[in-house]
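The values are calculated or read from the model by the stated rules, or taken from the named source; none is laboratory data. Computed from a predicted structure; not experimentally measured. All Cβ positions, even for glycine, are placed from backbone atoms using ideal geometry, and neighbour counts span all protein chains on display.
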Amino acid sequence: MKLFEFLGYYNYWVFAILLMIGFYAVIAKANLIKKLIGLSIFQSAVFLMYISMDKVEGGTAPIIKPGVVDQLYSNPLPQVLILTAIVVGVSTLALGLAIVVRIKERYGTIEENEILDAD
Amino acid sequence: MTIVFAIFLLTMLVITAVAIVQSSNLFVSVMLTSIFSLLMSTNFFVLDAADVALTEAAVGAGITTVIFLSALALTATQEKPNRSGRGIALIVVGLTASLIIYATFDKPRLGDPDAPVHQHVAPYYLDNTMEQMGFPNVVTAVLSSYRGYDTLGEVFVVFAACIGVLFILDARTGTGPKYVTRKMTGLRHHLIPQVVGRILVPFIVLFGLYVQFHGEYGPGGGFQAGAIIATAFILYSLLEGEQAALRAVPRSAQLGLVICGALMFGMVGVLCMIMGGEFLDYSVLMENPVTARQIGIIVIEAGVGMAVCGAMLSIFHAFAARSAEDTDEAV
Amino acid sequence: MIEWLLIVVDIVSWILLIIGSICVLIGGIGVLRMPDFYSRIHAASLTDTMATLALFSGMILQAGFSLAAAKLFAIMLFLLLTGPTATYALANSALLSGHKPKAAVLEKKVE
Amino acid sequence: MIFAGVSCAILVTMVLAIARAIKGPTVYDRLLAVNMFGTKTALLLAVIAFLFGRADFLDLALAYALINLVGVLAVLEFFQNRIDANGDASGD
Amino acid sequence: MDFAQHLPALQVIVPLLAAPLIVLLQPRGFAWAATTATAFFSFAVSIAIAVRILAGDILRYEMGGWFAPIGIELRVDAFSAIVLLIISGAAAISLIAARNSINQQIEDHRQPLFFAAWLLAIAGLVGMVVTADAFNIFVFMEISSLAGYILIAGGPDRRTLPAVFKYLIIGTIGATFYLIGVGMIYMMTGTLNLEDMAQRVVGIEDQRPILVAAAFVFIGLALKAALFPLHVWLPNAYTHAPHMVTVFLAACGTKVAVYVLLRFQFSIFQSFGEHLLQFALFLMPLALLGIIVASLVAMFEGHLKRMLAFSSVAQIGYILMGASLMSDSGITASTLHMFNHALTKGALFLAVAKFATQYADLRIDSLKSAARSMPLTSFAFVIAGLSLIGVPGTAGFISKWQLIMAIMETGNMGFIMVAIVVISSLIAVGYIWRVIETLYAIPTDDLPDDAADVSVKPEKIDMLLIALIFTVAMNIYFGLVPGLPLTLAELSSKILLKVEF
């Protein structure tokens, strides 16, 4: 039935919208911290895409229940990949913020157009 | 039922993202980012990803918000409006959006069991974890043993971020590393949060250790535990002030934690090589392969937990120390 | 005898859960409708604590005597501990930084 | 069944909280919304854990119950620094 | 534990695990010594691997003891062997020469962290080349790019910071695009192992997610490899980085992204009939445009380092043009050019580092009559410049010649491309000659003689100069006897085109 069909793809459409919001923020905004926030939204959208891959209708989280035999489980592999990707995202964010702090100290501003004029 | 959750949570996610990008006050954006990560974590939980939800909770609510705020404290909080780059941005963004929307048509529907993803590699993990690893949490098994090499790379990404932040923020030309700690002693006249904080911090650390060693049987593991314990110490330093926190966990101890965490992970792998197996092949550590794998995974997760905790703490203290003497212009 | 007790427990927990969700809704509406920050903080924090109490006790009754009930109790304990603290810290910091409650502003106009 | 109703109530409250977070004139309103949102997430996670019948996933709600305070206190502390630094008393 | 069986794993693990140890070594010179020792060890391992590959077998290594699609598998063949040689060779040479130049630019208490980041960069790059798992490439890509940001952020003047920030943003977007591409392929095939993926893709290439995944992987890796329109981050990053870091990154930084790009396009998307034609028709104009525009910009560039950075962008255009011919000799030419360009550009940037020890300002017109006080360095710069142009007898000539032969084979529209290659070589002659002219210019009388001599100390024979001479000698040696790289290049083109040899 149509609605259920549409909902099946709602996750991927929200992934596309979030990706665009993040990508727009990274490109269009001049403030360096706003760019980093946009970058983290951009990466969160990718995590959403991976995790919405692993859901199985009627399945539960892939921690095997001791007693139950015919229990359907969701796919563990995208979750492992995203566990790694989340920590990669935080690491890049921390490094980016350290660079922004140093730029503020040396240039006095964190607006990209003012930095370009300064040199 | 998941459909109702999906609609509510995902629409809220989009609204928050738009609000984050629109608001010109950076403080507001950071606060909305913490709501964004809360929503992401709930989304992950609804989509059956318990471990990922716990990681997003521990990392998103605790560490990302605090690092953003400490960076904001050192830079400006008001974004200057800038109309220049909008045209190209919209074109590029529109192009990528059309590419992705074009791709979504042939994708399998959310949750349909015969999607190719569930046919090939995943069933092996689900069937064999119980008898090869002896514990039910398949995600921890895949994370630390089947794809342990990824996690090793991951620990070294955290290690790289930690030495990167220390390297970039320590650029004091001439003078040695003088860590003038913050003159402010935490939330000065907030007695009640301090008292509650003193009660809460040990419980958060206890919960962190529970998550660390309970990783095989329920959602948990090294990353989550490291992040939670780091959040506990960050809360302690927020309430008691920088000096007390640095007395509790001095800077050298934080770096030591990161280094021996990373080395512990590496050395277990090398030990497996010496004892005849491949790198990170725990089954050679002892005669019974299942217990050998469990021992290997516990040591690995401990290494990961120490590395992540040490890294997040040293990053936080690098930012916090920075604000104390950002007055003198580092030349 | 036992299943009569079970039914009562079920009913009580259902009632508690319904009370809890009503409180939650009231809190949400209150936060939006209230005119000033300090009245909003009342709406949010009071219903928040009440909802935690009602919902979690309802769930503990549902969970019966098990590990889940212990976990639920722990969560309730920490939520009751941290919720009011955060609200206090928020209100205190707002007041200290000179955020005048609306009523005070009105009085000045009056005299 | 009842859990579905409770979770819907919590979801609606979350939407209201986000409305306040976006609309809120002063920073404190937004902070109030963030705090409220945090506790509601903890409630929602506990209810969902029950709704899906996986009661051993309550650790997540416990994590949120503990960590939610850190975000709010961090914002308060850095906002206070901001005020002491340049003394503006305005909320926003 | 026999040594030879663990070679691929050792290649990655030794630099990776040495990094935390280096951070512990606070005493001044020791961090540099330990890092150089590790770099030479990894160079020795890659030579051993190359020897095994030349003997004809492909090294496989199952990480954690799990077989291929379940666990992560390392797979080293001729194509990865030659890139391994480039990375560890460039690392060894740039580190052995780095002592004084780094002491000059980085404070002492930060040096252990800096050298640990250098080792992580080596481990990240090597990890990307050695592994045969799509997501593992992303993880090691992150390690190498994070370490790269740290290395470049070591640069002394303040313009380094915006350059590094732009590189971080663009690098992360590139890596995330790659992640989206891998995610979509995984969604349709269910596996992450490259070989397994190649087999499972055969039946479903016409499906939309796979085509979009190919596009995303291409864009992401083109961003990382600084292909022409997406190269905006490279000139600033290489110009403001510490001199020795530029030597290392110029020689192997972008090459690894090109390696992964070719590996994906040829091994996984090979089976698409018309896709590869699209890939070629899409890539060739970009590469040609890149060669011309980058060479022209280099022509009018004042700063010596920035000029060489733009010429790097042009050279990457050469490499990808060779690959876009999709013929056996085309890929041989592009792989060979990766090797030769690493040698040439390494030598040029070593000469720049040596000039920097005497001249603070590296603008070309401020290096007036530098040859009088630094004869050896200038002479080495001339030879390296000739190799960049492709004068017979140098390594550059071999790869240019191979490229032109490959183009001739394609027959019909070959003339335009040969013309472009020749024109860009002429432009290269242009900007190299401009530098040589100022180096050997006779000091004009308005510049008082003694002023020139007093400020400029005579050239000091140190490790930097020895490394420079050695690299230039290698340039000439591989120009005359291109045995090793040529055979490896031919082997790798057969592997990429899946020709059973």
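Points worth noting:
- Candidates E:Ala222, E:Ala175, E:Ala241 - the one that is of a type in the set (A, V, I, L, M, F, W, C) and under 22 Å from E:Ala280 (Cα atoms): E:Ala222
- Candidates in the stretch B:16-26 are the residues that are more than 7 Å from chain A (Cβ to nearest Cβ) and in contact with a helix residue (DSSP H, G or I) (Cβ under 6 Å, 6 or more places away or on another chain); of these, the one that is surrounded by the most Cβ atoms within 10 Å (Cβ to Cβ) is B:Thr16.
- Qualifying residue in the stretch E:122-138 (condition: more than 30 Å from A:Phe15 (Cβ to Cβ) and at the interface with chain B (Cβ under 10 Å from one of its Cβ atoms)): yes
- In the condition set (1) of a type outside the set (Val, Ile, Thr); (2) at negative phi; (3) in contact with a helix residue (DSSP H, G or I) (Cβ under 7 Å, 6 or more places away or on another chain), E:His109 is compliant with all but (3).
- Taking the stretch B:197-241 as the range and being more than 25 Å from D:Glu77 (Cα to Cα) and among the hydroxyl-bearing types (Ser, Thr, Tyr) as the test, the residues that pass are B:Tyr210, B:Tyr217.
- Every residue from the stretch B:125-173 that is touching a residue at least 40 places away in the same chain (Cβ under 8 Å) and of a type in the set (Phe, Trp, Tyr): B:Phe135, B:Tyr149, B:Phe156, B:Phe159
- Pairs with Cβ under 9 Å, 6+ apart, first in the stretch E:277-295 and of a type in the set (A, V, I, L, M), second not in a helix (DSSP H, G or I): E:Leu277/E:Met326; E:Ala280/E:Leu325; E:Ala280/E:Met326; E:Leu283/E:Leu227; E:Met284/E:Leu325; E:Leu286/E:Leu227; E:Ala287/E:Leu227; E:Ala294/E:His231
- Residue match in the stretch B:74-85 (condition: modelled with pLDDT of 85 or more and either within 25 Å of A:Asp54 (Cα to Cα) or touching a strand residue (DSSP E or B) at 6+ places or on another chain (Cβ under 6 Å) (or both)): no
Each row is one residue, and each column tells you yes or no for (1) of a type in the set (Asp, Glu); (2) within 25 Å of E:Val247 (Cα to Cα); (3) surrounded by fewer than 19 Cβ atoms within 10 Å (Cβ to Cβ).
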site: E:His341; (1), (2), (3): no, yes, no
site: E:Ile404; (1), (2), (3): no, no, yes
site: E:Glu409; (1), (2), (3): yes, no, yes
site: E:Ala419; (1), (2), (3): no, no, yes
site: E:Ala428; (1), (2), (3): no, yes, no
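- Complete set of residues in the stretch E:123-162 that are in a helix (DSSP H, G or I), over 30 Å from E:Gly71 (Cβ atoms) and either more than 19 Å from the chain's Cα centre (by Cα) or free of Cβ contacts under 8 Å to residues at least 12 places away in the same chain (or both): E:Thr160, E:Leu161, E:Pro162
- Some residue of the stretch B:15-25 being over 26 Å from D:Gly5 (Cα atoms) and in contact with a strand residue (DSSP E or B) (Cβ under 9 Å, 6 or more places away or on another chain): yes
- Residue in the stretch B:91-103 that is more than 14 Å from A:Val80 (Cα to Cα), out of contact with any Asp or Glu (no Cβ under 6 Å at 6 or more places or on another chain) and outside any helix (DSSP H, G or I) present: no
- Helices (runs of 4 or more DSSP H) contained in the stretch C:3-111 and holding at least 3 residues within 30 Å of B:Val201 (Cβ to Cβ): C:37-63, C:67-96
- Residue count for the stretch B:317-330, restricted to those that are at the interface with another protein chain (Cβ under 9 Å from one of its Cβ atoms) and either modelled with pLDDT of 80 or more or not in a helix (DSSP H, G or I) (or both): 5
- Residue within the stretch A:52-69 that is more than 7 Å from chain B (Cβ to nearest Cβ), assigned to a helix (DSSP H, G or I) and at pLDDT 80 or above present: no
- Tally, over the stretch B:1-30, of residues that are among the aliphatic types (A, V, I, L, M) and touching a residue at least 24 places away in the same chain (Cβ under 8 Å): 7
- Among the residues of the stretch A:73-119, the ones that are more than 7 Å from chain B (Cβ to nearest Cβ) and over 20 Å from the mean Cα position of the chain (by Cα) come to 12 in all.
- Of residues in the stretch B:201-220 being in contact with a Gly (Cβ under 7 Å, 6 or more places away or on another chain) and more than 8 Å from every other protein chain (Cβ to nearest Cβ), the one farthest from B:Leu143 (Cα to Cα): B:Gln212
- Residue in the stretch B:51-64 that is part of a helix (DSSP H, G or I), more than 7 Å from every other protein chain (Cβ to nearest Cβ), of a type in the set (S, T, N, Q) and in contact with a helix residue (DSSP H, G or I) (Cβ under 6 Å, 6 or more places away or on another chain) present: no
- In summary, B:Met286 fulfils each of the numbered conditions (1) more than 8 Å from every other protein chain (Cβ to nearest Cβ); (2) over 30 Å from B:Ala73 (Cα atoms); (3) in a helix (DSSP H, G or I) with the single exception of condition (3).
Table: residues versus (1) facing chain D (nearest Cβ under 9 Å); (2) modelled with pLDDT of 90 or more.
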position	(1), (2)
C:Leu79	yes, yes
C:Ala89	yes, no
C:Leu96	yes, no
C:Lys102	no, no
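- Subset tally (residues that are crowded, with 17+ Cβ neighbours inside 10 Å and either more than 11 Å from chain E (Cβ to nearest Cβ) or more than 19 Å from E:Ile204 (Cβ to Cβ) (or both)) for the stretch B:110-123: 2
- The stretch A:34-63, residues that are over 16 Å from B:Ala17 (Cβ atoms), among the hydrophobic types (A, V, I, L, M, F, W, C) and touching a Ser or Thr at 6+ places or on another chain (Cβ under 7 Å): A:Val56, A:Ala61
- The helices (runs of 4 or more DSSP H) falling completely within the stretch E:1-96 that include 2 or more residues that are touching a Cys at 6+ places or on another chain (Cβ under 8 Å) and on the phi < 0 side of the Ramachandran plot map to E:78-96.
- Sole residue being farther than 19 Å from D:Gly24 by Cβ, under 14 Å from the mean Cα position of the chain (by Cα) and not aromatic (Phe, Trp, Tyr), chosen from C:Leu72, C:Leu77, C:Leu6: C:Leu77
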